[in-house]
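What follows is one structure encoded as structure tokens, with my remarks underneath.
The values are calculated or read from the model by the stated rules, or taken from the named source; none is laboratory data. Since we're looking at a predicted model, the values are computed, not measured. We place every Cβ from the backbone using ideal geometry, glycine too, and count neighbours over all the protein chains shown. Accessible surface is based on the protein model in full, side chains and every heavy atom, while ligands, DNA and RNA are left aside. Shrake-Rupley method; radii C 1.70, N 1.55, O 1.52, S 1.80 Å.
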Amino acid sequence: VSLTVPAAIAVQLSPASISLSQSQTQQFAATVTGSTTTTVTWSMSPAVGTLSATGLYTAPASITTAQTVLVKATSVADTTKSATASVSLTAAAAVAVAVSPNAISLAATQSSQFVATVAGSTNLAVTWSMSPLVGSLSAAGLYTAPATLTTAQSVIVTAKSVADPTKTASAIVSLLATAPSGGSLPTISVLPGAATVASGTTMQFVATTLGLPSTSATWSISPATGTISQTGLYSAPTLLSSSETVTVKATSVSNPTLSATAIVTVSGPKLSLQSLGGGQMRVSWTAPAGRSVKDYIGMTSLGAPTWWTLWSGDTFGKTSGSFDVTLPSTPGLYEFRYFSSGTYQVLFKTPPVPVNILGYTVIPTLVLPSPAGSVKFSYSAANPLPDDCVALVPVGKPSEAMVWFVPTGGARSGIGESPRSAKPGRYELRYLTQGGYVSVVISTPIDIL
């Protein structure tokens, strides 16, 4: 007697991954083998956009932040068999505003026409404002200095996008004081009046005083993006998510009512991702001119140490370019990082890219306040490995900064409790695989008091 063993049912989904922008659509195709019933049911998580009963996914009309949606096809013949595809939703191009000139010096009654340029929107209109209210500013951006200037001061002229009021750009007007007799009044000025600084680099500002007993000045910045020394050396932050505008201010030591400002635009390298399907991802970069030929891009796991990379490619100092990269098959949350000058210094990193994470969870079930500092949790793993573990890690820190870890022993699910207490702070649970270097899922933040 010969027995025929039925073929195991399997589901495949095509494409396996795709990148869409607002209102774009993608028809997914599910293939079922091992059964004469080839129909599937469709679902998605989270419920962002729409998914039809035939597998047609439509991105939402508005995408404010980049995110990932998992589309799932489940076999009707065997509901334990399914396949998933990832949809990377790309936010609409950000609106950007620039003002020209970005710095100018004016005497009493003089004027300057400012021009605003808007990118990333078909609506090019802006509204103008100034601070403090010294002089006049027309609705078209024409600034006129007051008829009398008894003290030197600065005015910030700002253009705000009508399409996106959160996007602005500013220029600085240095008003030059004149004495009633026509002579000079005490003044302070800052050079350069405007500058563009790359992330992770420095810029030296110089304050010059006239008619004051002391040439010394105190330095400050607003907002607190980067740092400035009391010699006027500005240090831009290393990791930058977007270009930022910082006001550098020098205040006279001998006359604190006198101050002058400069505008700093901080820029840095940026990465963008495009899914090519079939486990392929295109990573593109832009970088300011003059970057090191030793800069490189690396792919690693979310939360992994900066020295641990799964793939890397050199930029050779180019201002733009792209690589087509094969994503790992191991389940996990991955990210791409832009590294500086052959070092482990990260200048930019992308949002996480989920790979095969369906079926993995890690959930805190109880947190006791200090001094106990105890955390209980549950977890599940679709394809566990013997060296998997659950770890408690301070939010935003690499996984190697874990407070403790509990091995799962390769179990598909289970519950656990912290082996020791944690100090007060904000933490998160991470399900780690591949010897602790790959974060598969991360819990919501846990506050230990």
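For the structure I just gave you, tell me whether THR361 is in contact (Cβ under 8 Å) with a residue 60 or more places away in the chain, open to solvent by 50 Å² or more (accessible area, probe 1.4 Å) and more than 30 Å from VAL293 (Cα to Cα).
Answer is yes for this residue.
Residues to consider are ALA108, ALA145, ALA140; find the one that is among the aliphatic types (A, V, I, L, M) and open to solvent by 30 Å² or more (accessible area, probe 1.4 Å).
Going through ALA108, ALA145, ALA140 in turn, the sole match is ALA140.
When residues of segment 120-157 are filtered for being more than 10 Å from VAL97 (Cα to Cα) and outside any loop (DSSP other than H, G, I, E, B), how many remain?
Qualifying residue count, segment 120-157: 15.
Does THR31 qualify as being of a type outside the set (Phe, Trp, Tyr), assigned to a loop (DSSP other than H, G, I, E, B) and either out of contact with any strand residue (DSSP E or B) (no Cβ under 6 Å at 6 or more places or on another chain) or surrounded by fewer than 16 Cβ atoms within 10 Å (Cβ to Cβ) (or both)?
no
In the set THR257, THR238, THR286, which member is among the hydroxyl-bearing types (Ser, Thr, Tyr) and either without any contact (Cβ under 8 Å) to a residue 24 or more places away in the chain or touching a Pro at 6+ places or on another chain (Cβ under 9 Å) (or both)?
Exactly one residue qualifies, and that residue is THR286.
What strands (runs of 3 or more DSSP E), lying completely within segment 174-287, carry at least 2 residues that are among the aliphatic types (A, V, I, L, M)?
Correct list: 187-191, 194-198, 206-210, 217-222, 244-252, 259-267, 270-277, 280-286.
Tell me whether segment 268-279 contains one or more residues that are within 18 Å of GLN204 (Cα to Cα), touching a residue at least 12 places away in the same chain (Cβ under 8 Å), buried (at least 18 other Cβ atoms within 10 Å of the Cβ) and out of contact with any Gly (no Cβ under 9 Å at 6 or more places or on another chain).
no
Quick check: is even one residue across segment 378-393 in a loop (DSSP other than H, G, I, E, B) and of a type in the set (Val, Ile, Thr)?
no
Filter segment 243-254 down to the residues that are surrounded by fewer than 23 Cβ atoms within 10 Å (Cβ to Cβ) and closer than 20 Å to ALA224 by Cβ, then identify the one that is farthest from the chain's Cα centre (by Cα).
The extreme case among them is THR251.
Looking at (1) free of Cβ contacts under 8 Å to residues at least 40 places away in the same chain; (2) open to solvent by less than 50 Å² (accessible area, probe 1.4 Å); (3) on the phi < 0 side of the Ramachandran plot, which one does ILE446 not meet, given that it meets all the others?
(1)
Specify which of the listed residues (THR90, THR122, THR79, THR117) is modelled with pLDDT under 90, surrounded by fewer than 16 Cβ atoms within 10 Å (Cβ to Cβ) and among the polar types (S, T, N, Q).
THR122 is the lone residue from the list that is modelled with pLDDT under 90, surrounded by fewer than 16 Cβ atoms within 10 Å (Cβ to Cβ) and among the polar types (S, T, N, Q).
Every residue in segment 237-262 that is under 23 Å from THR286 (Cα atoms) and at pLDDT below 90, please.
Within segment 237-262, PRO237, THR238, LEU239, LEU240, SER241, SER242, SER243, GLU244, THR245 qualify.
So, in segment 326-349, exactly how many residues are more than 13 Å from TYR296 (Cβ to Cβ), open to solvent by less than 30 Å² (accessible area, probe 1.4 Å) and not in a loop (DSSP other than H, G, I, E, B)?
4
Can you tell me which residue within segment 288-314, out of those that are of a type in the set (S, T, N, Q) and in a loop (DSSP other than H, G, I, E, B), is nearest to GLU400 (Cα to Cα)?
THR306
Just need a number here: residues in segment 9-27 that are in a loop (DSSP other than H, G, I, E, B) and either in contact with a strand residue (DSSP E or B) (Cβ under 6 Å, 6 or more places away or on another chain) or free of Cβ contacts under 8 Å to residues at least 40 places away in the same chain (or both).
5
Could you figure out which of (1) more than 19 Å from the chain's Cα centre (by Cα); (2) buried (at least 22 other Cβ atoms within 10 Å of the Cβ); (3) not aromatic (Phe, Trp, Tyr) isn't true of THR257?
The number of the failed condition is (2).
Yes or no: LYS376 closer than 22 Å to LEU310 by Cβ, of a type outside the set (A, V, I, L, M, F, W, C) and open to solvent by 70 Å² or more (accessible area, probe 1.4 Å)?
Criteria not met by LYS376.
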